[in-house]
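First up is the structure itself, then whatever we jot down about it.
The values are calculated or read from the model by the stated rules, or taken from the named source; none is laboratory data. Nothing here was measured: the structure is a model prediction, and the numbers come from that model. Neighbour counts run over all protein chains shown; Cβ positions are idealised from the backbone, glycine included. We work out accessible area using only protein heavy atoms, side chains counted, and drop any ligands, DNA or RNA first. Shrake-Rupley method; radii C 1.70, N 1.55, O 1.52, S 1.80 Å.
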Amino acid sequence: MVKRTERPKVALDSLGCKLNQAEIQSLSRQLAEAGYRLVAPTDKADIYILNTCTVTHVADRKSRHMLRLARRRNPAARLVAIGCYAERSPQELARIEGVDLVLGNDQKWHLLKLLEDADNLSRLSAGTSLALLEKNRRTRAFLKVQDGCRNFCAYCIVPLVRSREEIVPVKKVVALVGGLVANGYQEVVLTGTEIGTYNRDGVNLKGLLERVLSETAVARLRLSSLQPPEISSELIGLWRNPRLCPHFHLSLQSGSDAVLGRMKRRYTSADYKGVVALIRDSVPDVAITTDVIVGFPDETEAEFQETYDFCRQIQFARIHVFPYSPRPGTAAATMPQQVSEIVKKQRSQQMLALAKESAQSFQQGFLGKTTNVLWEQKAGGVWSGLTGNYIKVYTRSNKSLTNQLLPVRLVKLYRDGIWGEF
Ligand code: SF4
């Protein structure tokens, strides 16, 4: 066991969903509490830990690339790959030069113990100060309250790599949110693979939100992805509380009912539209964001067009576009009519152009208004932060704005968001 003063520098990073970000934050806290010195993933570290993603082959490639980058940053560093890709194909990751440890989704929670047990950690050098911890501190915390999914959507690898459902008890969620608030976090994002199905000791998602809002002082509470069947008017009623961010990420995946059926999703486009109307009727200025898969097996031009038209009609504040990529072991991977890469690329480009147009039209509706922004960081002399309804806002200021929730007037479209003036 190494002495506390000799603790190595650790850089943690994650790819993929908000759940992965929540997990990496939780591991960061564990390691910091154990005395490890946290540094940014772009810094030279003694140990690099990457929470990988395997949702598409692009995510696989990014995971491998980031591990190789870490290796280049410090060839002597230990590389640890954890998470969904590590669960799906540990051998593939172990083959990457320099990767010392590969841990799947269950084993990764033993990481601290495994690092503690590594008797040669003492050879790792001591280095920069704890100030880096402060520098890297986030203003928004991602907190996992649920894990696992048994829905088996035809394209999704998640039920194969996160099959066991785990639900954090309400009391613990409340205590964790309270702890994050005490540590200065202004916003907490509750995440999970299927957060809408949260149910523990008779308390569902609505009950959980009520408890967090009444028992903590968190300034902003945001939810990660939900699906239409999980949304009721009782749940939406909670958004009368302004501390709940007016932002719903509702995964659509396709606007064609035939494709939704083949995907084994649990709603139709009409259900989806109904839920959007319910939310918009009850939550002023709400942002509805979504994910869309293009080029799912056998997706015809007409079916793609249905999705395109549906998205145009809904006017999303943000659309994440994913060209379908087969994941080994899933039902869709063996479907015979795979769409060609060229067609997927064309459809992605069309959908991305719509996403940009749609985001700008949503943002345009807020020009001239004043709204609160949680400022996060400064890059190239420009500060950026997020509104409650998930618009990225930029401004200039000589003062430090990090972690401040301040009102700003939204004056013009800028980059992927809006320019604000104090
Ligand atoms: S609901 Fe479907 S897409 Fe979401 S994690 Fe479960 S299987 Fe995957």
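Projecting label points 7 angstrom from Cα along Cα→Cβ for LEU406 and GLU166 puts them 4.0 nm apart.
Taking Cβ separations below 4.7 Å as the criterion for a possible disulfide partner, the isolated cysteines in the chain are CYS17, CYS53, CYS84, CYS149, CYS245, CYS311.
Please compute the length gained on full extension between LYS345 and SER233, using 0.36 nm multiplied by the number of residues separating them and subtracting their Cα-Cα distance. Mind dumping the intermediate values first?
On the way: separation 112, 0.36 × 112 = 40.32 nm, distance 3.83 nm.
That pair, LYS345 and SER233, stretches by 36.5 nm at full extension.
Bridges between two residues of the chain, per DSSP, are antiparallel at a rate of about 35%. Stretching the chain fully between ALA270 and LYS399 yields a gain of 41.6 nm (0.36 nm per residue, less the alpha carbon separation). Sparse packing (at most 14 other Cβ atoms within 10 Å of the Cβ) combined with a DSSP loop state is found for the following trypsin sites (Lys or Arg not before Pro) in the range 319-375: LYS369. Here's the picture: a label point sits 7 Å out from the Cα of HIS65 along the beta-carbon direction, and within the range 12-45 the residues with their amide nitrogen under 18 Å of it are 13-17, 41-43. Hey, with R₀ at 45 Å, roughly what FRET efficiency would ARG29 and ASP298 work out to, going by the Cβ-Cβ distance, to 0.05? Approximately 0.50, to the nearest 0.05.
Take the solvent-accessible surface of the protein heavy atoms, probe 1.4 Å, and return the percent of it on the chain that carbon and sulfur atoms account for. Numbers along the way, then the final one.
Numbers: 9660 of 18760 Å².
Carbon-and-sulfur percentage of accessible area, whole number: 51.
Counting heavy atoms of the protein chains only and a 1.4 Å probe, report the per residue accessible area for the chain as a whole number of Å².
Values: 18760 Å² over 422 residues.
Solvent-accessible surface per residue comes out at 44 Å².
The slack in the chain from ALA219 to LYS369, taken as 0.36 nm per residue of separation less the alpha-carbon distance, amounts to 51.9 nm.
Under the definition of Cα pairs under 8 Å and six or more residues apart, what whole-number percent is the relative contact order of the chain?
Numbers: 816 pairs, mean separation 46.6, N = 422.
It rounds to 11 percent for the chain.
For a quick check, take a GNM of the chain with Cα springs below 10 Å and name the residue from SER214, SER163, SER225 with the largest mean-square fluctuation. Of SER214, SER163, SER225, the most mobile in the Gaussian network model is SER214.
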